[in-house]
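A.B. asks: Sharing a structure here in structure tokens format.
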Amino acid sequence: MKKTQLVVWFIVLLTVAAAKFAAAATSADEVAIQKIIEEEVTAWNSGDATSYSRHFARDATFTNIYGMVFNGHDAFEKRHWDTFATFFKGTTRVEIVRRIRFVTSEVAIVDVDTEVRGFGKMPPGVTVSSDGVLRTRLLQVFVKHSGEWWIEAYHNVDVKVQP
């Protein structure tokens, strides 16, 4: 085999190995993000805003189902303590990941369908379906810092009932 052919084969092998490594990293990252989503559900269902906020970045942004915007980890956690003590007290939540899209190896956009049950009367402006379930579409932007995934943006909107 000529030297050029060896170089070509070497490049092909490196490319295949790099692709396999990238796929394995993406798979591990997807599992890590799924685990965070599961932790969110557990924390919500136990009414624990501190745990619910664990992966929310220090300077992240949060838009809730009313269109209110909050900046920073502390505001996110406080808002959730407030809601867990009032209209979301004792509720149960389900989160179904619809899609995880890696924009880069360190940025993921995560689309989640949520369902919340067990609340009393919701404040005006929130759409609750006829079966009494609050359904939302949650978009979370995750960024990997020092090997750990953090939520940098969290945007939640209620699903409007179609006429």
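A.B. asks: Is it the case that some residue within region 103-118 is farther than 18 Å from PHE142 by Cβ and either basic (Lys, Arg) or within 13 Å of the chain's Cα centre (by Cα) (or both)?
C.D. replies: Yes, because at least one residue in region 103-118 is farther than 18 Å from PHE142 by Cβ and either basic (Lys, Arg) or within 13 Å of the chain's Cα centre (by Cα) (or both).
A.B. asks: Right, something else. Would you tally the residues in region 76-115 being in contact with a Leu (Cβ under 8 Å, 6 or more places away or on another chain) and in contact (Cβ under 8 Å) with a residue 60 or more places away in the chain? Show your work before the answer.
C.D. replies: First, pick out the residues of region 76-115 that are in contact with a Leu (Cβ under 8 Å, 6 or more places away or on another chain): 95, 109-115.
Imposing the further condition that a residue be in contact (Cβ under 8 Å) with a residue 60 or more places away in the chain reduces the set to 110, 112.
Counting residues in region 76-115 that are in contact with a Leu (Cβ under 8 Å, 6 or more places away or on another chain) and in contact (Cβ under 8 Å) with a residue 60 or more places away in the chain gives 2.
A.B. asks: Could you list, in sequence order, all residues of region 38-48 that are surrounded by fewer than 19 Cβ atoms within 10 Å (Cβ to Cβ) and part of a helix (DSSP H, G or I)?
C.D. replies: GLU38, GLU39, VAL41, THR42, ASN45 - these are the residues of region 38-48 that are surrounded by fewer than 19 Cβ atoms within 10 Å (Cβ to Cβ) and part of a helix (DSSP H, G or I).
A.B. asks: Considering region 50-77 alone, what residues qualify as being among the aromatic types (Phe, Trp, Tyr) and over 13 Å from the mean Cα position of the chain (by Cα)?
C.D. replies: TYR66, PHE70, PHE76
A.B. asks: I've got another one for you. Is there any pair linking a residue in region 138-163 that is within 13 Å of ILE36 (Cα to Cα) and of a type in the set (Lys, Arg) to one that is in a loop (DSSP other than H, G, I, E, B) and open to solvent by 60 Å² or more (accessible area, probe 1.4 Å), with Cβ under 9 Å and at least six apart or on different chains, and which?
C.D. replies: If the second residue must be in a loop (DSSP other than H, G, I, E, B) and open to solvent by 60 Å² or more (accessible area, probe 1.4 Å), the pairs left are LYS144/SER105; LYS144/GLU106.
The values are calculated or read from the model by the stated rules, or taken from the named source; none is laboratory data. Keep in mind that what you see is a predicted model, and the values were worked out from it rather than measured. With ideal geometry, Cβ positions are generated from the backbone for all residues, glycine too; neighbour counts draw on all protein chains shown. The area values use the complete protein model at the heavy-atom level, side chains included, leaving out ligands, DNA and RNA. Shrake-Rupley method; radii C 1.70, N 1.55, O 1.52, S 1.80 Å.
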